[in-house]
Amino acid sequence: MAKSNNETRLIVAASDIDADMLYATKFWAGDPFIFLQQNGKRTIVLSDLEMDRGRRTAKVDELVSFNQLEREVQGKAKQAPPYEKVLAHFLRKRGVKSAVVPANFPLGFARALAKDDVDLAPTNGLFWPEREAKTDDELKLIGRALRITESGLARAMEVLKASKPGPGKKLRWSDKTLTSEMLRAEIDSAMLRAGGTPTNTIVAGGDQACDPHERGFGPLCPNSLIILDIFPRDAKTGYWGDMTRTVVRGRASDAQRKLWETVKKGQELALREIKAGIDGMKIHKAIQQLFKKRGYPTEVRKGKHVGFFHGTGHGLGLEIHEYPRLQKVTLKDRQVLTVEPGLYYPGIGGVRHEDVVVVTKTGCKVLSRFPKQLEL
């Protein structure tokens, strides 16, 4: 049994924005609620508004009414008590004198509980260590999130292929200038229909793409590198997809093609090297070395970073960027990671290829399926 099942554990959070709470309860809620694990028994405290839904969907052992606890604290007082008083009362009833809490536990609640002699200890590292190694069921859910991601990429390719060069070296689609905003709306609509929640989709062309987190704005141009970085959340399960493709609508120049092919080689190197027991930093440095050998050093030019100046990949699951960062750990079996090297040079543009893999004892398995094509 994992150690996290034997300690008293406490979370107070809204599960739609707190992955540890969603992992613990499988119950979606936009407002904070209380989770307590004591002697292996999992209890949640919900308002009466949420109680019936909680009984139907929460994967816990016991549900307690917040409103009932509130009435017990309020007694004959006219005003309802503050949340932390109800929380302290609940823990007192359960005989909780100490508990492990996530590092992001609300400070106000922690101070109030300290006055009530409840000793809270934030976790050193992962709150649920089990989250690091994905189960077969989780791999299926991540696969489902990736299919949603691919529906967005498919729509992007469809729109770009249907666009034509227009006046002022701008792409036209549906009798309008095709902008990053328009293409993003098409991508996001496709993912919504597929059951996803789009978040900050990146459609960045030309030099805009040299800033890797620039979402992109304004007209898209023919014969220009366009980065499409798409990371929706599955609205049903809370798991994330994350994929990037880089394309040119029209003809790629030799410089663009070389950049695109080099990044592909860098990603292929990573996919060959990833396996349990390998130091992720070695892979990261090997990619940078390959890029440098091919004439793409990572450096600062005219005050701007160029080359490969971000991480090779990050954990993916119930959070878009979750533990671990690929280049900061020794890889372990069943970790799910993105593999996303990139190169960015103003004047040529930016290229990033991103896929999702699960680490195995002998290598890695690629979970994303969308093809890579430079010219559309």
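Results, tabulated for the structure shown:
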{"item": "Residue among GLN256, ALA235, LEU269 farthest towards the positive dipole end of the range 228-279, charges placed on Cβ", "result": "GLN256"}
{"item": "LYS41 accessible area, 1.4 Å probe, all protein chains in place, Å² to nearest 10", "result": "90"}
{"item": "Rounded to the nearest 10 Å², the accessible area of HIS305 at probe 1.4 Å", "result": "110"}
{"item": "Exposure ranking of ARG334, ARG56 by accessible area [1.4 Å probe, largest first]", "result": "ARG56, ARG334"}
{"item": "Theoretical FRET efficiency, 1/(1+(r/R0)^6), r = Cβ-Cβ of LYS59 and LYS97, R0 41 Å, to 0.05", "result": "0.90"}
{"item": "Mean separation of Cα contacts under 8 Å, 6 or more apart, over the residue count of the chain: relative contact order %", "result": "13"}
{"item": "Spacing of the two label points (7 Å from each Cα toward its C-beta) at LYS264 and LYS361, in nm", "result": "3.4"}
{"item": "Of LYS93/LYS140; LYS292/LYS328; LYS41/LYS78; LYS161/LYS285, those spanning more than 31 Å from alpha-carbon to alpha-carbon", "result": "LYS93/LYS140; LYS41/LYS78; LYS161/LYS285"}
{"item": "Where the chain is the region considered: accessible area per residue in Å², 1.4 Å probe", "result": "47"}
{"item": "Nearest-0.05 FRET efficiency for GLU130 and ASP211, computed from C-beta distance (R0 35 Å)", "result": "0.45"}
{"item": "PHE370, PHE309, PHE35, ranked by accessible area, largest first (probe 1.4 Å)", "result": "PHE309, PHE370, PHE35"}
{"item": "For a label point 7 Å along the Cα-to-beta-carbon line of ALA286, residues of the range 297-331 with backbone N under 16 Å", "result": "312-313, 326-331"}
{"item": "Most positive-pole-ward Cα, GLY218, GLN335, THR149, against dipole of the chain from beta carbon charges", "result": "GLY218"}
{"item": "Helix-derived mean residue ellipticity, 222 nm - over the chain, DSSP H n ≥ 4, -39500 (n - 2.57), to 500", "result": "-10500 deg cm²/dmol"}
{"item": "Top positive-direction residue, dipole computed over the chain with Cβ charges, set TYR323, HIS310, ASN67", "result": "HIS310"}
{"item": "Computed FRET value (nearest 0.05) for LYS76 with ASP117, which takes r as the C-beta separation and R₀ as 22 Å", "result": "0.30"}
{"item": "Degrees between helix 254-273 axis and first principal axis of the chain (Cα, 0 to 90, nearest 10)", "result": "40"}
{"item": "Rounded to 5, the percent of DSSP beta bridges in the range 33-151 classed as antiparallel", "result": "40"}
{"item": "About the Cα centre, charge dipole magnitude for the range 280-376 (Lys/Arg +1, Asp/Glu -1 at Cβ), debye", "result": "400"}
{"item": "Beta bridges by DSSP in the chain, antiparallel share as percent, to the nearest 5", "result": "85"}
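The values are calculated or read from the model by the stated rules, or taken from the named source; none is laboratory data. Quick caveat, the model's predicted, so the values are computed rather than measured. Please note: Cβ atoms are built from the backbone with ideal geometry, for glycine as well, and neighbour counts cover all protein chains shown. For the accessible areas, the whole protein counts, side chains as well, though only heavy atoms, and no ligand, DNA or RNA atoms are used. Shrake-Rupley method; radii C 1.70, N 1.55, O 1.52, S 1.80 Å.
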